[in-house]
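Trainee: Sharing a structure below in structure tokens format, with a few things to ask.
The values are calculated or read from the model by the stated rules, or taken from the named source; none is laboratory data. Bear in mind the structure is a predicted one, so any value in this text is a computation, not a measurement. Glycine gets a Cβ as well: all are built from the backbone with ideal geometry, and neighbour counts include every protein chain shown.
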Amino acid sequence: MYLPKQFAETDVSVLHALMRAYPLATLVTQSADGLEANHIPLHLDAAAGPNGTLRGHIARANPLAADATVNGKILVIFKGPDCYISPSGYATKAEHGKVVPTWNYAAVHAYGELRLIDDADWLLTQLHGLTAEHEAGLPSPWAVDDAPADYIGKMLGAIVGIEISIDRLVGKWKVSQNQPAVNQASLIAALNGEPMAGLIRERGLK
């Protein structure tokens with residue numbers, strides 16, 4: 001990933017926060033037929049290893065589950081807020097007109113080792129953790145135990161677990177740090193409460 005120094009984010013806690021807030025990840029693997037990408041919600045265990053461990057599951061029918069070459073180094077991409085930035089949002093447009101459009105975004109790339117896990121007990125534990133995290137805060141949270149045991153058993157037979165031990169994390173927060181404070185302020189006003197406005201405020205106006 002092209003990463004100018006001013007856009008680099010190295011704080012693991014910040015990277016983990018984005019991964020939790022935007023858990024639908026793009027899992028990029030090298031298969032026998034070439035590069036493959038799967039979109040999978042992943043649960044982060046921050047305490048498992050220096051960079052954390054990701055866990056999830058895929059359908060047993062997914063070719064990834066039967067690919068003997070898949071165990072190995074992979075890339076997982078988490079994409080946070082993104083936003084088109086119009087030159088009209090820059091205060092300096094009226095001053096000299098030397099502005100062009102761009103796109104702001106925050107993203108994390110996690111590199112690690114992928115392992116396929118075909119174990120019903122492991123899968124059940126993973127499902128409990130995944131659903132508990134995403135059901136938390138709902139008026140009537142659903143739990144795995146709310147469904148009939150035989151039905152859950154059948155569902156477990158249709159999936160395969162995945163676990164990724166993260167070797168390296170790379171974060172990019174391209175949120176107008178390269179713009180003068182006057183343009184950052186005008187963008188925050190123009191974006192009017194969108195998530196990107198908050199990221200610009202956090203990283204700029206210094």
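Trainee: Do the conditions hold for Glu133, that is, is it buried (at least 16 other Cβ atoms within 10 Å of the Cβ) and of a type in the set (Asp, Glu)?
Mentor: For Glu133, the condition - buried (at least 16 other Cβ atoms within 10 Å of the Cβ) and of a type in the set (Asp, Glu) - is not met.
Trainee: Would you please list the contacts, defined by Cβ atoms under 8 Å and residues six or more apart or on different chains, that run from a residue in the stretch 174-193 that is under 14 Å from Pro81 (Cβ atoms) and touching a residue at least 24 places away in the same chain (Cβ under 8 Å) to a residue that is surrounded by 13 or more Cβ atoms within 10 Å (Cβ to Cβ) and basic (Lys, Arg)?
Mentor: Close Cβ pairs (under 8 Å, with a partner that is surrounded by 13 or more Cβ atoms within 10 Å (Cβ to Cβ) and basic (Lys, Arg)) amount to Val175/Arg203; Ser176/Arg203.
Trainee: Moving to a separate point now. Please specify each residue of the stretch 100-116 satisfying the condition of being surrounded by 19 or more Cβ atoms within 10 Å (Cβ to Cβ) and farther than 30 Å from Leu64 by Cβ.
Mentor: Asn104, the sole residue that qualifies.
Trainee: Something else now. Are there any pairs, at least 6 apart or on different chains, whose C-beta atoms fall under 9 Å, with the first in the stretch 126-140 and closer than 13 Å to Ile152 by Cβ and the second part of a helix (DSSP H, G or I) and of a type outside the set (Asp, Glu), and if so, which?
Mentor: Leu127/Val144; Leu127/Ile152; Leu127/Met155; Leu127/Leu156; His128/Val144; Thr131/Val144
Trainee: Another question about this same structure. Run Ala94 past the list (1) free of Cβ contacts under 8 Å to residues at least 60 places away in the same chain; (2) part of a strand (DSSP E or B) and report the number of the one that doesn't hold.
Mentor: Tallying (1) free of Cβ contacts under 8 Å to residues at least 60 places away in the same chain; (2) part of a strand (DSSP E or B), Ala94 fails exactly one: (2).
Trainee: Which ones in the stretch 155-177 are out of contact with any helix residue (DSSP H, G or I) (no Cβ under 9 Å at 6 or more places or on another chain) and buried (at least 20 other Cβ atoms within 10 Å of the Cβ)?
Mentor: Ile164, Ile166
Trainee: Let me ask something additional. Which condition number in (1) modelled with pLDDT under 95; (2) farther than 14 Å from Ile164 by Cα is the one that Ile85 fails?
Mentor: (1)
Trainee: Got a number for residues in the stretch 178-206 being basic (Lys, Arg) and surrounded by 15 or more Cβ atoms within 10 Å (Cβ to Cβ)?
Mentor: Selection size over the stretch 178-206: 2.
Trainee: What about Asn104, is it among the polar types (S, T, N, Q), in contact (Cβ under 8 Å) with a residue 40 or more places away in the chain and in contact with a Cys (Cβ under 6 Å, 6 or more places away or on another chain)?
Mentor: yes
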